[in-house]
Amino acid sequence: MRLRLALLLACFALGAHAQSWPGKPVRIIVAYPPGGGIDVMARQFAEKLTGIWGQPVIVENKPGANTILATETVAKSAPDGTTVLLTTDATFSINPHLYAKLPYDAQRDFIPLTMLVLLQQLLVANPSLPANTLQELIALAKAKPGTINYASYGSGSQPHLSGEMLKYKAGIDLVHVPYKGISLAVPAVMAGEVQLTFAGIATSMPQLKGGRIKALAIGGPKRSPLLPQVPTFAELGYPEIETHAWFGLFLPAGAPREAVNRIYQDTRKIIEEPEFRQKQLIDKGYDVVGSSPEEFAAYIKKDSAARERAVRISGAKAE
């Protein structure tokens, strides 16, 4: 009888402990400025997680240094599971190959939690460019080498790597023009300052509908249901041109397994809510993922290897 009572008390204690996290407010550190797609997504998740956890979930924006500022902040935070990093592929797949030295170790200092979404980017052009397909663009670039410019949001950014891979695989000469953010790159194309850039569907759709830019191709294995008329680079014969970006959550190394499991499981529940999934993710051009921590870690390893090759081909160096 005493043994049974002891076991019951032990089970109760374990159950109470399992419900103890977070126990205090949780911070989501976003590596990008307010107002962008990743920031909007962070605030939507924060609102829902506040209700689930019974604790305030606060979004803090720490843009700068190509996501390094936010990443260093989380790496050096207390590993109690209440400081979460929300960032993109730039942090873990690109920066380790772009910078000779970083104030964090991408593999040692973090626990991948989940990839929330994957975003395939479009190659978009100014409407006045006398090329309406990728094939016509390549022909034009070969006829007039060095006369077509493409914008990115910095050396080593996803648009830069995509543009350089296009140059390499198609054997053409495009001129790279770095801007300080995607919010500047797309307007530069619209204004005719440059002819091309790579941008996400959410960013591009209003401008496409308004005829202020046109789409030539999109990354990924299949066409977007939002833009079924736009062919993929793969079907056009250029599968090596990877234009994707991803948004994912991370905890600092040493965080309790309870926090890892809860954050993954509860964010997965949110993205599986039919209305949220459709209106906030699919309708904005995101591919919904919700991978497990183990799946996410394996994906990052593979993605990092692919980006290392792209960085090498581009000759990109940290600014």
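The values are calculated or read from the model by the stated rules, or taken from the named source; none is laboratory data. Everything quoted here is computed from the prediction, not taken from an experiment. Cβ sites come from the backbone with ideal geometry, for glycine too, and all protein chains shown count toward neighbours. With ligands, DNA and RNA removed, areas are computed over all heavy atoms of the protein, side chains included. Shrake-Rupley method; radii C 1.70, N 1.55, O 1.52, S 1.80 Å.
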(request) Can you tell me how much longer the chain between residue 101 and residue 147 gets when fully stretched, taken as 0.36 nm per residue apart minus their C-alpha distance, in nm with one decimal? (result) 13.0 nm
(request) Would you mind working out the magnitude of the charge dipole of the chain relative to its Cα centre, with +1 at each Lys and Arg C-beta and -1 at each Asp and Glu C-beta, to the nearest 20 Debye? (result) 180
(message) Accessible area of the stretch 169-319 with a 1.4 Å probe: how many percent of it is carbon plus sulfur?
(response) 53
(request) Give the angle, between 0 and 90 degrees and rounded to the nearest 10, that separates the Cα long axis of helix 134-143 from the longest principal axis of the Cα atoms of the chain. (result) 50
(message) Full-extension gain between residue 282 and residue 43, please, as 0.36 nm times their residue separation minus the C-alpha to C-alpha distance.
(response) 84.3 nm
(request) Can you figure out the FRET efficiency of residue 312 with residue 132, using R₀ = 25 Å and their beta-carbon distance, to the nearest 0.05? (result) 0.20
(request) Taking H placed 1.01 Å from N in the peptide plane, check which residues at least 5 places from residue 110 or on another chain put their amide H under 5 Å from its amide H. (result) 253
(request) Return the long-range amide H neighbours of residue 26 (sequence gap of 5 or more, or a different chain), with a cut-off of under 5 Å between placed amide H atoms. (result) 57, 58
(request) Using amide H atoms built 1.01 Å from N in the peptide plane, name the residues 5+ places from residue 232, or on other chains, whose amide H lies under 5 Å from its own. (result) 218
(request) Any chance you could give the angle, 0 to 90 degrees and rounded to 10, that helix 293-314 forms with the longest Cα principal axis of the chain? (result) 30
(message) Within the stretch 25-107, what whole-number % of the accessible surface is contributed by carbon and sulfur, with the 1.4 Å probe and all protein chains included in the calculation?
(response) 56
(request) Between residue 235 and residue 72, take the C-beta separation as r, use R0 = 41 Å, and let me know the FRET efficiency to the nearest 0.05. (result) 0.50
(request) Quote the relative contact order of the chain in percent (integer), defining contacts as alpha-carbon pairs under 8 Å separated by 6+ residues. (result) 26
(message) I'd like the distance between the alpha-carbon centres of the stretch 256-280 and the stretch 181-198, rounded to an integer number of Å.
(response) 34
(request) Putting +1 on Lys and Arg Cβ atoms and -1 on Asp and Glu Cβ atoms, find which of 64, 165, 267 reaches farthest to the positive end of the dipole of the chain. (result) 267
(message) For the chain, compute Rg over Rh where Rg is the Cα radius of gyration and Rh is the Kirkwood radius from the inverse mean 1/r over Cα pairs.
(response) 1.04
(message) Show me, for the stretch 157-173, the HN-Hα J-couplings you get by feeding each phi into the Karplus relation (A = 6.51, B = -1.76, C = 1.60, θ = phi - 60°), rounded to Hz, glycine and proline as x.
(response) 5, 4, x, 5, 5, 5, x, 5, 5, 4, 4, 5, 6, 8, x, 10, 10
(message) Starting from the 7 Å offset along Cα-to-Cβ, what nm value, one decimal, do you get for the label separation of residue 226 and residue 266?
(response) 2.8
(request) Pairs to check: 24/269; 214/302; 48/317; 169/317. Give those whose C-alpha atoms are more than 28 Å from each other in this structure. (result) 214/302; 48/317
(request) For residue 173 paired with residue 295, estimate the spin-label separation in nm (one decimal), with each label point 7 Å from Cα along the Cα-to-Cβ line. (result) 4.6
(message) For the chain, take the longest principal axis of its alpha carbons; what is the angle in degrees between that and the long axis of helix 37-53, to the nearest 10 within 0 to 90?
(response) 10
(request) Pop out the ³J(HN,Hα) list for the stretch 84-90 in order, Karplus 6.51 cos²θ - 1.76 cosθ + 1.60 with θ = phi - 60°, rounded to Hz; leave Gly and Pro as x. (result) 10, 9, 10, 8, 10, 4, 3
